[in-house]
Amino acid sequence: MEFKELVKVLERMMAMPLPGREGQVTMAPQSRMNEEQYRASIREDHRKGAVLMLFYPHPNGTYLPFIKRPSYEGVHSGQIAFPGGKFEEADGNLATTALRETEEEIGIDSSKVHLLGSLSEVYIPPSNFMVYPYIGITESLPEFNPDPLEVERIIECSFHQLLDKGNRKIGTVRSSAGLIKAPYFELAQETVWGATAMILGEFTYMWKQATRN
């Protein structure tokens with residue numbers, strides 16, 4: 001699909017009602033599938049953060065970047081995620097957080113990013129974050145400049161890979177609590193699971209709805 005046509009579908013998607021958990025649970029670990037348990041796990045003192053799904057034209061089609069976190073003493077060590085981070089009061093809103101953090105982490109000029117809308121928030125119990133995903137586009141191939149303290153490497157993923165059902169799998173992943181069984185996306189030889197996979201679950205659920213006819 002050409003980039004301009006993809007953008008038209010994204011715009012149509014963002015005008016649709018969000019499926020929320022109905023879309024997210026398609027890629028949720030077993031421990032996070034039960035709605036009652038999921039809601040009970042959300043702490044009142046949770047922090048807020050925002051991430052960005054950024055689509056851009058590439059010589060080989062439409063792509064979006066993921067980041068691989070460096071290894072460190074923390075619950076998200078070495079995991080694959082969207083660029084993003086913690087909401088700061090100076091941001092004013094979560095959309096600004098998504099843009100600011102993306103610029104800080106991977107060097108994208110936020111002034112060249114156009115936000116189309118947002119997906120449903122998802123709670124991450126191990127780090128006590130409620131994460132708000134945003135959908136954005138940039139009209140040209142980005143020049144990445146990753147922050148080595150935040151990003152081990154950038155993973156450029158084709159949109160085709162994202163929609164390929166063969167890249168959806170179930171297996172053993174390493175969590176902060178040890179090894180667990182969970183659904184995941186296998187993208188660029190990396191395992192994408194947890195909150196990031198749940199965001200992708202809602203996104204692909206909506207994409208299917210938007211392109212059904």
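The values are calculated or read from the model by the stated rules, or taken from the named source; none is laboratory data. What you see is a predicted model, and the numbers here were worked out from it, not measured in a lab. Backbone-built Cβ (ideal geometry, glycine too); neighbour counts: all protein chains shown.
Exactly one residue among THR204, THR196 is in contact (Cβ under 8 Å) with a residue 40 or more places away in the chain, touching a strand residue (DSSP E or B) at 6+ places or on another chain (Cβ under 6 Å) and either closer than 30 Å to GLU5 by Cβ or of a type outside the set (S, T, N, Q) (or both), and that residue is THR196.
Answer yes if at least one residue in the stretch 31-40 is among the small types (Gly, Ala, Ser) and surrounded by 19 or more Cβ atoms within 10 Å (Cβ to Cβ), and no otherwise. Before the answer, list the steps.
Looking only at the stretch 31-40, we keep the residues that are among the small types (Gly, Ala, Ser), and these are 31, 40.
Imposing the further condition that a residue be surrounded by 19 or more Cβ atoms within 10 Å (Cβ to Cβ) reduces the set to none.
Within the stretch 31-40, not a single residue is among the small types (Gly, Ala, Ser) and surrounded by 19 or more Cβ atoms within 10 Å (Cβ to Cβ).
Applying the condition of being of a type in the set (S, T, N, Q) and under 18 Å from GLY49 (Cα atoms) to the stretch 105-130 and asking which residue is modelled with the lowest pLDDT yields SER127. Confirm whether VAL131 is out of contact with any Lys or Arg (no Cβ under 7 Å at 6 or more places or on another chain), among the β-branched types (Val, Ile, Thr) and closer than 21 Å to LEU10 by Cα. Against the criterion (out of contact with any Lys or Arg (no Cβ under 7 Å at 6 or more places or on another chain), among the β-branched types (Val, Ile, Thr) and closer than 21 Å to LEU10 by Cα), VAL131 qualifies.
Does the stretch 87-102 contain at least one residue that is touching a strand residue (DSSP E or B) at 6+ places or on another chain (Cβ under 6 Å), at pLDDT below 95 and outside any strand (DSSP E or B)? No, every residue in the stretch 87-102 fails to be touching a strand residue (DSSP E or B) at 6+ places or on another chain (Cβ under 6 Å), at pLDDT below 95 and outside any strand (DSSP E or B). Per the conditions (1) at pLDDT 95 or above; (2) β-branched (Val, Ile, Thr); (3) closer than 18 Å to GLY49 by Cβ, the sole criterion not satisfied by ILE155 is (3). Residue count for the stretch 21-69, restricted to those that are within 20 Å of TYR184 (Cα to Cα) and part of a loop (DSSP other than H, G, I, E, B): 5.
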